[in-house]
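A quick write-up on the structure given underneath.
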Amino acid sequence: MNIIKRYYLFSPSILLLLFSIIALSPFSFSEENTLLDKVVITSTKEQRSKSELAESVSVLTRQEIFNVSPSHPSEILNRSAGVYINNLGGEGHMTAIRQPITTSGVYLFLEDGIPTRPTGFFNHNGLYEINIPQSKRLEITKGPGSALYGSDAIGGVINSISTGIPEQSEVKVDAELGSFKWQRLLLTAGKPVTDKTGVSASINRTTNEGFRDAADYERTSINTRINHDLSNSSTSKTTLSYTKVDQSGISALSFEDYKNNVKKNEFQGDIGAREIEALRIASEYSYTIDTQSLLTVTPFYRNNKSSMMPSWMVSYDPNFRETKFQSFGVITKYRYKLPNKNQVITGIDIDHTPSETQEFKVDLPNPINDIYNEFTKTKNLNYDFDAIQTSISPYVQYEHYLSPNLLLHTGLRYDHFSVRYTDNLTTALDSGYLRPDSQTIDYDHLSPKLGAVLKLNELHDVYANYRHAFRAPSVGSLFRSGSNAGTIDLKPVKSDSYEIGFRGITPIDLSYEIAVYYMEKTDDIVNIINSESTRESVNAGETIHKGIEISLTGGISESFSFQSSLSVSEQTYGDFSYTYFCFSCSPKNQVVNFNGNTVGKAPKTLANISIRFEPNYLYGFMAEIEMEHVGKYYVDETNTDEYKGHNLVNLRSRYKLNETLELYGRIQNIEDKRYSTYTSLQVGSSEVKYRPGAPLSVFAGIRASF
């Protein structure tokens, strides 16, 4: 009941008014908005109608991606109900899907169904390793994934589907210029080589100086795909993805600077910078054994390198890290169709990832007027270790029609992780940099899944699910101990999620989807200040996440259409306690319990409404106004300080001059509002910090198709 009340109190009122006007309008429905006909690949790694899935999935099509032309993943993904991706500069980001804005590994990022990183190597900026603006389609599963996915699939799964092979030779070129020396060139080409083979390739070259001082960003992405019919019953799809990112360090700001000196960046001269290289190759082989059976085998390879000065550690433990890993793995799936449209899907995922980590001490002079200008990387090592991680994960998912209109999903996944850690340093332990002894750590986890879909009629269905999910501790949190001696004892984070949803099309051709969820997460891993001002990672307790997500899409008239999303959540701490160090307290070690407090960095409301104008009398023209809302949230678990939220307005337009050329443009934050993409009170700090979002920004481009 509290959730519904909060919906009616949703701010700002202007968005509610627009939402109401849209909902009461006489609709002229467009076929491209047919919700139940949308195809989803993520859930079963095959094309499935959305109406057969017992889960909440948003699908963003190639045309929607073209219309938005996102310069940051948030600009397209935040159109989905309950999704908030913030912008930390460049393409850096954190994610909030049924979870607070967090760096924790509770999301699974996929490319063509393959995890972009192995378990234990989650990167909260991981979407910048995916070529979002040239994706064919984006699929966002809200909440835990199906039995086909394991660790990290707690808050949600984001899957980018690569550009397919066109029916005839095709070349697209996008050239963009924009504010703060934004430059981007997108090249996409594809052709059928023979009647059995087709190829496509995409290149993304982007540079940007950013709106803050010394905040430049640069990326190069290359994606290729080869489809081949091996025989009448077998096909192959080989994809290659390569991304190189060079991102400057960008600091948070005090409230005074956030209000009066927003361009200020305390990190200059490569302070807090990072360089990332990510290569992935996968070959999917599908063999249709008979009319009932399909076997799919996908071997894959990853090669990642990163060098970075962790920006969040500049003030208390400056260091420079070099990390690299390679992955050798295979994903298998066997699907067997039973009578009466029933089917079973089973398989095993194997991932073997050797990794190397080195962390160097740095000499960092004191800041001048709060500005860090330079640092020196020394030859002295804080850490030098290898970690070889192997995961073996069998799964089974069974789908059974209890009646022609009632489909039952059951699934079970077993994940075994083994991490063999070797400390390469022989020097004595430094009190500031404890290192675990060389050893092997194993985790085993069983994840049950259950769901049902009831088809009410041809236009409406209802679904429900229960899903258990987990997150294994990362390699960094286990073996980069810092001053904490107990990191190897960390337990996996676990969650139990319950969801009920409604979706369909009304008599006035309004496409809708409503999802109500409840999730309990236990053994959450948090960073705290413990005795003698040391930082520590601990399993702290329980958090409770519940909310409602609503999506509405339709036409208002022959020329106007809209899409909208609204989510209201309530995220609280359950039995959540730990010990921290208090200089002014007696005793100094204090036990705190935040039971009942609101989870920090968890926006209460999220909304996105866009109204599109595409007149029949002006073929090829589109204009869109978009309104974004991020609600208020507390900046930490004490609930002492609060960020009030923000509302932004964006404009987009495109005009097709002829069959070859198209002009497009967008204006972000047209009201030039000051807002923060992430406001927090960091562990060990007494000052709230702000990440300012970009001011009014203008972009223009030309798209040529041949």
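The values are calculated or read from the model by the stated rules, or taken from the named source; none is laboratory data. As the structure is a prediction and not an experimental result, all values here were calculated from the model. FYI the Cβ positions are ideal-geometry reconstructions off the backbone, even for glycines, and counts take in every protein chain you see.
A few comments on the model shown:
- Residue 297 being crowded, with 17+ Cβ neighbours inside 10 Å and over 23 Å from the mean Cα position of the chain (by Cα): no
- Flag for residue 680 being over 30 Å from residue 185 (Cβ atoms), at pLDDT 95 or above and buried (at least 19 other Cβ atoms within 10 Å of the Cβ): no
- Test for residue 474: is it touching a Gly at 6+ places or on another chain (Cβ under 6 Å) and farther than 18 Å from residue 103 by Cβ: no
- Only residues that are polar (S, T, N, Q), in contact with a Lys or Arg (Cβ under 6 Å, 6 or more places away or on another chain) and closer than 29 Å to residue 46 by Cβ were counted across segment 326-379, and they come to 2.
- Members of segment 399-437 that are farther than 30 Å from residue 471 by Cβ, aliphatic (A, V, I, L, M) and at pLDDT 95 or above: 402, 406
- Residue list for segment 595-625, filter: touching a residue at least 40 places away in the same chain (Cβ under 8 Å) and either assigned to a strand (DSSP E or B) or within 16 Å of residue 552 (Cα to Cα) (or both): 598, 605, 606, 607, 608, 609, 610, 611, 612, 613, 622, 624
- Selected residue [in contact with a strand residue (DSSP E or B) (Cβ under 7 Å, 6 or more places away or on another chain), buried (at least 17 other Cβ atoms within 10 Å of the Cβ) and not hydroxyl-bearing (Ser, Thr, Tyr)] from 184, 205: 184
- Evaluation of residue 251 against (1) part of a strand (DSSP E or B); (2) within 30 Å of residue 374 (Cα to Cα); (3) not aliphatic (A, V, I, L, M) (one fails), failing number: (1)
- Within segment 258-306, the residues that satisfy the criterion of being closer than 30 Å to residue 673 by Cα and either free of Cβ contacts under 8 Å to residues at least 40 places away in the same chain or among the aliphatic types (A, V, I, L, M) (or both) are 260, 261, 262, 271, 273, 274.
- Some residue of segment 658-671 being more than 20 Å from residue 89 (Cβ to Cβ), in contact (Cβ under 8 Å) with a residue 60 or more places away in the chain and out of contact with any Ser or Thr (no Cβ under 7 Å at 6 or more places or on another chain): no
- Residue 401 meets each of the listed conditions (1) over 26 Å from residue 353 (Cα atoms); (2) of a type outside the set (A, V, I, L, M, F, W, C); (3) more than 29 Å from the chain's Cα centre (by Cα); (4) surrounded by 18 or more Cβ atoms within 10 Å (Cβ to Cβ) apart from (4).
- Exactly one residue out of 377, 341 is modelled with pLDDT under 95 and under 30 Å from residue 461 (Cα atoms), and it is 341.
- Every condition in (1) of a type in the set (A, V, I, L, M, F, W, C); (2) in contact with a Ser or Thr (Cβ under 6 Å, 6 or more places away or on another chain); (3) within 30 Å of residue 193 (Cα to Cα) is met by residue 222 except one, and the failing one is (2).
- Residue count for segment 595-636, restricted to those that are crowded, with 21+ Cβ neighbours inside 10 Å and among the acidic types (Asp, Glu): 2
- Flag if residue 489 is acidic (Asp, Glu), more than 23 Å from the chain's Cα centre (by Cα) and modelled with pLDDT of 90 or more: no
- Residue 665 vs. criteria on the phi > 0 side of the Ramachandran plot and more than 21 Å from the chain's Cα centre (by Cα): no
- Options 568, 592, 538: the member that is buried (at least 18 other Cβ atoms within 10 Å of the Cβ) and at pLDDT below 95: 538
- Scan of segment 679-706 for residues that are assigned to a strand (DSSP E or B) and over 24 Å from residue 69 (Cβ atoms), ordered by number: 679, 680, 689, 690
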